[in-house]
Amino acid sequence: MTKRERFIAAVRGDIPDLVPVAPLIHGRYAHAVTGRSDWRAVFEVHQMLGSVAFRGPIGVGMKTDALPEGWSVERRAPEQLEDGRTVCEEVIRTPTGALVSRDVWGMIPGDPLVSKRVEYPVKSPGDWQIICSLWEQVLTCCRGPDTGEVEEANSVMGQEGVPSVGLGCAFARLGAVRGMQEMILDLKDEPRGVLRAFELAEEMTRLEVEAFLVSASEVAWMDICWATGANLGARTFERWVMGDVRRAAARVRQVPGKYLGVYTLGRIRELLPMLADAGIHFVETFEPNQGDITLAEAKRLYGNRVCVMGNFNCLVLSFGSVADAQREALRCLREGMAGGGYVMVTADEVPADAKSDNLRAMVETVEKHGRY
């Protein structure tokens, strides 16, 4: 089987010839190795390691007309500070008001792609009206799916990778403009002020799902890690997150050859029943340090319903030896590979300071011991 074929087989819940190995290489590690952070750099690193390219900065969007006069989203030129950090500012202008956000880069020497949003555009509940007016205008300007990046990645990767599409969810979109803590307080204390924004964000997610379905990509993952990592509790999670997951899963299930999973972090034990019931194809990443369910238990309880991905401890890649990486890979195989439906994935993003020898050991251990 090719790398792509065995990955898709595992996602379907089938038994491939070999456990697929797909460490979550994003821009940070790719930049450390190649000096670039685009999807081509991510793919090049996977080729160096022998792993299957699965995640990366690939997405779908919507083609849009230009915003009318009085509406704009202006990204100002980055400002270089004396301490080496870079500040990036974005200004949203609408007839109902303007909002400003600021992001800071370069706080960590040797890991320059780490950033932090230090000022969110929505600073008070009243600002939701401005965001709503912008999103309404953007949706009005939509003219169909934009899948060009996926088509190019699919052509370049061939059978060596799976150019999966990342999808947003309404909960994360609201958190990105308000900040997680303040957004959760708004949802609890003033839900009427946020509800329209939430409905618009849900429509954006729906359009992304439709764009994925007409793209060349076979696999999409919905990023709900902000919600799982926030320890919302099952009832709040059900109210504000599961609607997107269920609608997307139902729609994807209607199209043969398309697969959907969710990207989670943190404590997900009480959330797994509703995620499995939603009809998604896979769940990642089963963190060994911050999570509350082992890979073995997740496989035993849900492995006949969803493909499980993840659990390889990222700290081993940075601070462990080659022997440590081999032992960690063997542990994951013991807990996850039986009966198929498992992909060896790191429990979060591969760190910028990960050792390439440890990543190769992960791949080579599976090649030796992960055959069915």
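Read the figures in this text as sums done on the coordinates, not as results from a lab. These numbers were taken from a predicted model, which means no experiment stands behind them. Reconstructed Cβ throughout: ideal geometry from the backbone, glycine too, with neighbour counts over all protein chains shown.
Figures for the structure shown
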item	result
Residues Leu260, Leu187 arranged by fewest to most Cβ contacts within 10 Å	Leu187, Leu260
Gain upon complete extension [Met1, Asp324; 0.36 nm per residue less C-alpha separation]	113.4 nm
Positive-end residue of Gly56, Ile8, Val21, charge dipole of region 1-60 with Cβ unit charges	Gly56
Selection from Gly339, Gly166, Asn231, by position along the positive dipole direction of the chain (Cβ)	Gly339
Spin-label model distance (nm) - Arg251 vs Ile108, 7 Å beyond Cα toward Cβ	3.4
Point-charge dipole on Cβ atoms (K/R +1, D/E -1) for region 158-238, about Cα centre, debye to 20	240
Neighbour-count ranking [beta-carbon atoms within 10 angstrom, fewest first] of Met222, Met107	Met107, Met222
Listed pairs Lys3/Lys116; Lys258/Lys355; Lys123/Lys258; Lys116/Lys355; Lys3/Lys63; Lys116/Lys299 exceeding 27 Å between Cα atoms	Lys3/Lys116; Lys258/Lys355; Lys123/Lys258; Lys3/Lys63; Lys116/Lys299
Net length gained if the chain between Glu136 and Val214 were fully extended (0.36 nm per residue, minus Cα distance)	25.7 nm
Val214, Val252, Val165 arranged by Cβ crowding within 10 Å, fewest neighbours leading	Val214, Val252, Val165
Rel. contact order, % - alpha carbon contacts under 8 angstrom, at least six apart, region 8-63	32
Sum of -39500 (n - 2.57) over DSSP H runs of 4+, divided by residues of the chain (222 nm, nearest 500)	-13500 deg cm²/dmol
Cβ-defined net charge surrounding Glu119, 9 Å radius [Lys, Arg +1; Asp, Glu -1]	+1
Label point 7 Å beyond Cα of Ser356 along Cβ direction - residues of region 45-67 with amide nitrogen under 14 Å	45-51
Residue-count net charge about Ala296 - beta-carbon cut-off 10 Å; Lys, Arg +1, Asp, Glu -1	+2
Prolate/oblate/rounded label for region 206-283 (Cα gyration tensor, a/c 1.5)	prolate
Label point 7 Å beyond Cα of Asp223 along Cβ direction - residues of region 48-63 with amide nitrogen under 14 Å	55-61
Residue-count net charge about Thr285 - beta-carbon cut-off 13 Å; Lys, Arg +1, Asp, Glu -1	-3
Cα lying deepest toward the dipole's positive end in the chain, options Leu315, Ala98, Gln181, charges on Cβ	Leu315
Spin-label model distance (nm) - Gln80 vs Tyr372, 7 Å beyond Cα toward Cβ	5.3
Protection-proxy order for peptides 91-103, 36-48, each taking the mean of Cβ atoms within 10 Å per residue, highest first	36-48, 91-103
Separation in nanometres of the label points that stand 7 Å from Cα toward Cβ, at Asn231 and Glu270	1.1
Rounded to the nearest 20 debye, dipole of the chain from Cβ charges on Lys, Arg, Asp, Glu	920
At least 24 Å along the helix axis (C-alpha) and Kyte average at least -1.0, DSSP helices within the chain	191-213
